[in-house]
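Comments concern the structure below.
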Amino acid sequence: MFFDIKLRFQPSASFIGILAELNERYAEWTDGSYDWADQTKDFLHAFGPLPAFDEKLYQTPLSRRAVNDLLQMAIALLSGNYPAVRNYLKETHFAFVIGYPRSGGSYLTKELLRTIGLDHTRVSEALAHDGFPELRETWYDWAGNRPYFHLREAIFQVAEFLVIANLYFRRKSTPREAGIWLIPKKMHKMVSWAGSFKMLLGQGRADYLVTVRHPLPTAISIYEKSGGFPADGRFPAQAPRSAIERWILNDLMYLGFPLPDLAGMDYFEAVATSWTSFYTRMAGSGLFLGNRNEIRLVPYDKAGLEGVVADYRRRYGDPAAVPEPFHVHDKAGQHPGWQPRGDAAVEAVTGQWAALGLHFPVLSLA
């Protein structure tokens, strides 16, 4: 028995915007025109509305190739034809930066882009940062007060990312050794689909850089970037002030916390619980599938983060190019009462990883 199923696909704003940029159109519109790696600010960033455009955007040779490639990749993903995906990406190598917010991921992504000669402020946030493609554990969601099938949307967005990243970096950067293009990408949401992503790409087709920071300074850094420590010391569940606080809220709701309980939750308790959940999920996500040596754990410190950049400069760029200094500020003294809970979170995750045969790095309070 066969079923004739028709799927309608609406390209995302991210895909259309980057495609327009590649066609040198709508130069006034970009979601990469600000410094998304600025470590002092956070943005509940909504893309500016797409400018009016007509079908001429899709009629250029580049656009026709992009749309054709996109449809082929989407069909391959939906049908499980991963060899076709691997063949399409045979001349690319990804450097995925994965970690909890405020753990050095933006710095690392920015410096990897610089390694291949790109100004990160002119690279679309969607292309470089972790909002696109939108990956979640849940299959269903709401959009515009209506239910929709998120799994389908996410698969299409993965296809969009693979195609547009492949085309973008081929035009904006130069190939490395053996004709391989390096594609850096902050990809924290990969934890939701890590095993599938690794099986899709295959062994040796990507580096996985996992950034890790102690939850105490992480929490301080989050509230500093979100507008300051709430006067009542509670997590602002009713009105998250930043993209990171919204992510924490989603984590806690996914764990089953009722919204009324979240409204009264201590700020650090909320962050520490979300932090613990993230690295606990990571251990069993399939990220370590295959060769565990593909995963590089990068603690939040100057030597570790600058060392990764220096390694990539030697392999893919100018070995003499010095990484931008990474500044670490001791924040632990601001909330000494948080340290026992923070240390307990680290100990819990360390134990969970050890039970699975994995080593969680030792973390400082910086």
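Over every Cα atom in region 60-109, the radius of gyration and the widest Cα-Cα span, Dmax, amount to 15.4, 41 Å.
Sorted by average packing, counted as other Cβ atoms within 10 angstrom per residue and highest first, what order do 339-348, 304-313 take?
304-313, 339-348
Dividing the C-alpha radius of gyration of region 64-159 by 2.2 N^0.38 Å, with N its residue count, gives 1.27. Where the alpha-carbon atoms of region 126-241 are placed on the principal axes, they occupy 57, 37, 27 Å, in descending order. Applying the criteria of a DSSP loop state and at most 12 other Cβ atoms within 10 Å to the chymotrypsin sites (Phe, Trp or Tyr not before Pro) of region 112-167 yields Trp139. Rounded to the nearest Hz, the phi-derived 3J(HN,Hα) couplings of region 154-166 under the Karplus curve 6.51 cos²θ - 1.76 cosθ + 1.60 (θ = phi - 60°) are 5, 4, 5, 5, 4, 4, 4, 4, 4, 6, 5, 5, 4, where x marks glycine and proline. Using Cβ point charges alone (K and R +1, D and E -1), the dipole size of region 146-197 about the Cα centre works out to roughly 160 debye. The length gained by stretching the chain between Glu137 and Thr60 to full extension, at 0.36 nm per residue less their Cα-Cα distance, is 24.1 nm.
Every Cα-Cα pair of region 180-221 was included, and the share exceeding 17 Å stands at 47 percent. Would you kindly give the portion of the calculated P(r) for the chain that falls above 27 Å, as a percent of all Cα pairs? Across the chain, Cα pairs with separations above 27 Å total 49 percent. Note: relative contact order over region 115-262, using C-alpha pairs below 8 Å and six or more positions apart, is 19 percent. Rounded to the nearest Hz, the phi-derived 3J(HN,Hα) couplings of region 300-305 under the Karplus curve 6.51 cos²θ - 1.76 cosθ + 1.60 (θ = phi - 60°) are 6, 7, 4, 5, x, 6, where x marks glycine and proline.
Structural descriptor for region 271-366: relative contact order 37 percent, calculated from alpha carbon pairs under 8 angstrom and at least 6 residues apart.
Remark: region 160-314 is approximated by an ellipsoid whose semi-axes, taken from the C-alpha gyration tensor as √(5λ), come to 34, 18, 16 Å, largest first. Lys186: which lysines have alpha carbons under 21 Å from its alpha carbon, excluding same-chain residues fewer than 8 sequence positions away? Within the straight-line cut-off, Lys186 pairs with Lys41, Lys90, Lys110, Lys172, Lys198, Lys225, Lys302. For Phe257, the shell of other residues with beta-carbons less than 13 Å away shows a net charge of -4, using +1 for Lys and Arg and -1 for Asp and Glu.
Using alpha-carbon pairs under 8 Å, 6+ residues apart, how would you state the relative contact order of the chain in percent?
21
On the principal axes of its alpha carbon atoms, region 286-349 extends 45, 34, 12 Å, with the longest extent given first. Quick one: plug the Kirkwood hydrodynamic radius of region 232-350 (C-alpha pairs) into Stokes-Einstein at 25 °C, 0.890 mPa s, and report D in µm²/s. Translational diffusion coefficient: 143 µm²/s.
Computed from the coordinates by the stated procedures, all read-outs in this text should not be read as laboratory data. Given the structure is predicted, the values throughout are model-derived calculations rather than measurements. Glycine gets a Cβ as well: all are built from the backbone with ideal geometry, and neighbour counts include every protein chain shown.
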